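A short write-up of the structure that comes next.
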Amino acid sequence: MTQRSGGGAVEEGAGEHDSVPVAELAENRPNVYVLSSGAKVLVFRRGGQITAFGDVCPHMGGDLGEGSYSCETGTLACPWHGYRFCIDDGRFVENPNERSMALLRVPSKHYRPDRQPSYRLRPVPFAIRGERVHFEPERHR
Amino acid sequence: MKHRFSLIYEIDTTVACAVAAYLDAEHYAYLHEKYSPRYEVLSREGYRLEVEQTWRYAGWTLAQTYTAEYQPPARFLQYDIRPSPWWIPSIHHVVRTRTDLRYYATPEGEKTISHLEVELDMPVWLWPVRHVLERKLSGLKMEKDQEDMEMIRRRAALFGRGNIKSYLADHQFLLHKDAFVEHFGRDA
């Protein structure tokens, strides 16, 4: 496993289960890791809670590892369109463009804003054993 | 005095994908935040939008309004560029800028030509720096296109080359979406 950002050791080829020491996880910012499978995972440590998500924005596919994180709201914004997600449970929180382009958001033949899907960050399964967070192999793909 | 120049290059995507990315206005103030942190449509008349947009340049953040016109299927004009508010110092008080961007397929049909024509109407005392202005505008256009291409390449790696299904989804907002879908179809 290779840590891409977030400060800490760089670990290669962790074997059957990728894992990272809990103590290595920085608080209140995304910890971005590339697992041995090649998948990228964003790990958050906020208060006593740890959550992990894939790096692909469910809206258009933006790289959430490059997103901007708000400690105050516990949300992560996609760098492509600004869509904001809660890092506690991955739910979609806000599309800021709905305010800035309200004038144009009128339903038409091919635009149906009422059909907005329930975007959600894809959780990456993990377990805490001992002092390490272990990511389950393959299923995070 | 009018100084005209062209900026023509090939981009590695389909015309439908290039146009969809252009009409996807929700990304302007985020993907291109480094250059332009705010984009707001003030009014609309058919395919013409009056837009207010802020630009970052040399440590300054300045706003301007302009008319953005879409000529389906793949042509985009910008003109009537004015500083906002009107009284702030700006080059747009003395230089009238008009841009005409067209996307069309390469002869093999697999890639897209980005063809930008720019016209700068300037007073004679600015004529000596016309090539400086040309370089600045060209550089900005290419840097922004590079950001768009990074987005297009990542999407191609995730979803397949030229895949614009997420742009076509019912709920997805695009500028002039009905015209885009009428021209490129739902299977684009």
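The values are calculated or read from the model by the stated rules, or taken from the named source; none is laboratory data. For clarity, every value in this text was computed on a predicted model and none was experimentally measured. No Cβ is skipped: glycine too gets one built from the backbone with ideal geometry, and neighbour counts run over all protein chains shown. Ligands, DNA and RNA are stripped out before the accessible areas are found, and what is left, the full protein with its side chains, is counted by its heavy atoms. Shrake-Rupley method; radii C 1.70, N 1.55, O 1.52, S 1.80 Å.
Using a probe of 1.4 Å on the protein chains alone, the accessible area found for B:Y30 is around 70 Å². Protein-only accessible surface at a 1.4 angstrom probe places the residues B:V129, A:V20 in the order B:V129, A:V20, largest first. Burial annotation for the range B:27-47: residues with an accessible-area loss of at least 40 Å² between the isolated chain and the complete set of protein chains, computed on heavy atoms with a 1.4 Å probe, are B:Y30, B:V41, B:R44.
The lysines within cross-link reach of B:K136, meaning a Cα-to-Cα straight distance under 18 Å and a gap of 8 or more places when in the same chain, are B:K2, B:K34, B:K144.
Over chain B, Cα pairs under 8 Å with separation of 6+ residues give a relative contact order of 28 percent. Think of the range A:24-119 as having a plus end and a minus end, set by charges on the Cβ of Lys, Arg, Asp and Glu; of A:G90, A:S68, A:P58, A:P58 sits farthest toward the positive end of this dipole.
Per-residue extension of 0.36 nm, minus the Cα-Cα distance of B:E52 and B:H93, leaves a gain of 13.1 nm for this segment. For the range B:87-160, run through the GluC sites (Glu not before Pro) and keep only the ones in DSSP coil with at most 11 other Cβ atoms within 10 Å of their Cβ. Those satisfying the criteria are B:E108. Using DSSP to call loops (not H, G, I, E or B), can you name the trypsin sites (Lys or Arg not before Pro) in the range B:1-70 whose Cβ has at most 16 other Cβ atoms within 10 angstrom? Filter output for the range B:1-70: B:K34.
Measuring from each cysteine beta-carbon in the protein assembly as shown, the ones with no other cysteine beta-carbon under 4.7 angstrom are A:C71, A:C86, B:C17. Taking all protein chains together, B:V94, B:V181 sort by accessible area into B:V94, B:V181, largest first [probe 1.4 Å]. Accessible surface of A:D18, taken over heavy atoms with a 1.4 Å probe and every protein chain present, rounds to 10 Å². Ligands, DNA and RNA left out, the 1.4 Å accessible surface of chain B is 55% carbon and sulfur atoms.
Considering only B:L175, B:L137, B:L101, give the residue with the highest GNM mean-square fluctuation for chain B, with springs between Cα atoms whenever their separation is below 10 Å. Top of the fluctuation ranking is B:L137.
Per residue, the protein assembly as shown exposes an accessible area of 49 Å² to a 1.4 Å probe, with every protein chain left in place. Scalar couplings 3J(HN,Hα) for the range B:83-92, obtained by applying the Karplus form with A = 6.51, B = -1.76, C = 1.60 to θ = phi - 60°, are x, 9, x, 4, 8, 6, x, 7, 5, 6 Hz; x denotes Gly and Pro. What total accessible surface area, summed over both chains, is buried at the interface between chains A and B, computed with a 1.4 Å probe and given in Å² to the nearest 100? Heavy-atom accessible area buried at this interface is about 2600 Å².
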